[in-house]
Amino acid sequence: MKRFVLALLTLTWLAWSSGARAELVVVVNAENPLSALSSRQLVDLYMGRYNSYPNGESADTTDLPERSQERELFYRMLVGKSAAQVNAYWARLLFTGKSEPPQTVRSPDDVIALVKDNKNAIAYINEADLVDGLKVVYRFEDSQ
């Protein structure tokens, strides 16, 4: 039993420590003319108030899977709500037919590939996952 508890505590600590150090950034395709977004503009895009960038170009918002730590952290920092609360918000909007939620992809690698291939895509990732072909347009002040 002690081994189980020790293993559980170790796994919990590892998951917490890696998530706690995650610095989230919002990225677009490097070819996108957008240079930066304000927190208000980001909220408007991810909460379905607008579906285009300030310059009028279409914005294709992207989410990580529902159970991902990054998704939970993103919505907590963006709007102060859990991913479950955001899902409930989207369920109401979908019922009224007013807007479509962000496209959900399976993994951070899929997000990166999608943004690199789509000039209008926007997504959040860990800063450590930045690669050529992506441009940071928003950086959270404190992701911890």
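Coordinate-derived values only; no laboratory data. Note that the coordinates shown come from a computational prediction; the quantities given were computed from them, not determined experimentally. Counting neighbours? That spans all protein chains shown, and the Cβs are built from the backbone with ideal geometry, glycine included.
Starting from residues that are more than 19 Å from Val43 (Cα to Cα) and free of Cβ contacts under 8 Å to residues at least 24 places away in the same chain, keep the ones in region 118-144 and report whichever is nearest to the chain's Cα centre (by Cα).
Asp129
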Notebook entry, point to check: Which one of the conditions (1) surrounded by fewer than 12 Cβ atoms within 10 Å (Cβ to Cβ); (2) more than 13 Å from Met47 (Cα to Cα); (3) among the aliphatic types (A, V, I, L, M) does Ala91 fail to meet, given that it meets all the rest?
Noted result: (2)
Item checked: region 63-78, subset among the charged types (D, E, K, R) and touching a strand residue (DSSP E or B) at 6+ places or on another chain (Cβ under 9 Å), residue surrounded by the fewest Cβ atoms within 10 Å (Cβ to Cβ) -> Glu66
